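Structure first, then comments.
The values are calculated or read from the model by the stated rules, or taken from the named source; none is laboratory data. The model shown is predicted, which means the values in this text are computed figures rather than measured ones. Cβ placement follows ideal geometry from the backbone for every residue including glycine, while neighbour counts extend to all protein chains displayed.
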Amino acid sequence: MIKNPRNLLWLVPLLFLATSPLWKPSVTSFLTPRGGYNPKLAQMEDNSPMQNFIMDSVAITLTSNGKEEWQIDADRAYTAEQDHDIEMVGVSAMYIGTEKEPTNITSKKGKYYIDKRHLVLTERVVISKPTKNQRLLSERIDYYDATKMVVSPGKVDLRAPNIKLTAGRMDYDLSTGGYDFSNRVKVDL
């Protein structure tokens, strides 16, 4: 009779070693890697000169003829499908060109086509002129830098003191300051 069962503890490793011919083949076959090793899969491919990025808290300044026209801030910016397109989230822009009063623009999303110099702001676009107490609401605004035109192809809602205007489309020429509203224009004075 064994007085102390703790002394039997040394039998566990001995039993484990003695029975290894029985369990070792199945364990090694289980732990063997499946498939082959392909060194080409481990190398990164660089097929295009595309420069991808994702940045938080971005500030973009757009200039024309050496003068700053737009200051665009975004919560996040990243490259789009094309190499020269930048997509933005949480956009807050300010138009400061042509020595006119500043115009503030906010939207949930935006996209800037660098080659075309075309800025698109979408989802809950709000354009405000604080000095005139004007607000314009739309779902999409396109700015074409080459022609200095702002186009809202969808519904537009303009609020200002003593006027309320809704329209199906708006064209605004930044160089002349002229508006063109179309598609079911309704004005409340």
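For region 127-156, residues that are loosely packed, with under 15 Cβ neighbours inside 10 Å and closer than 17 Å to ASN104 by Cβ total 4. Kindly indicate whether any position in region 107-115 is among the hydroxyl-bearing types (Ser, Thr, Tyr) and either closer than 14 Å to MET55 by Cβ or at pLDDT below 90 (or both). The answer is yes; a qualifying residue exists.
Residues that are modelled with pLDDT of 90 or more, touching a Ser or Thr at 6+ places or on another chain (Cβ under 8 Å) and within 13 Å of LEU121 (Cβ to Cβ) within region 59-89 comprise ASP73, ALA74, GLU87, listed in sequence order. Restricting region 172-189 to residues that are under 22 Å from TRP70 (Cβ atoms) and surrounded by 16 or more Cβ atoms within 10 Å (Cβ to Cβ), the residue that is modelled with the lowest pLDDT is LEU174.
Contact map, region 1-25: first residue free of Cβ contacts under 8 Å to residues at least 12 places away in the same chain and assigned to a helix (DSSP H, G or I), second residue surrounded by fewer than 10 Cβ atoms within 10 Å (Cβ to Cβ) and among the β-branched types (Val, Ile, Thr), Cβ cut-off under 7 Å, separation 6 or more or different chains; pairs are LEU8/ILE2.
Yes/no per residue for (1) of a type outside the set (S, T, N, Q); (2) more than 30 Å from LYS148 (Cα to Cα); (3) under 49 Å from the mean Cα position of the chain (by Cα); (4) at pLDDT 85 or above:
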position: LEU9; (1), (2), (3), (4): yes, yes, no, no
position: PRO25; (1), (2), (3), (4): yes, yes, no, yes
position: PRO33; (1), (2), (3), (4): yes, yes, yes, no
position: GLU45; (1), (2), (3), (4): yes, yes, yes, no
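Could you tell me whether GLU101 is surrounded by 14 or more Cβ atoms within 10 Å (Cβ to Cβ) and among the acidic types (Asp, Glu)? It is false that GLU101 is surrounded by 14 or more Cβ atoms within 10 Å (Cβ to Cβ) and among the acidic types (Asp, Glu). Inspection of region 134-154 finds a residue satisfying the criterion of being in a loop (DSSP other than H, G, I, E, B) and farther than 18 Å from LEU62 by Cβ.
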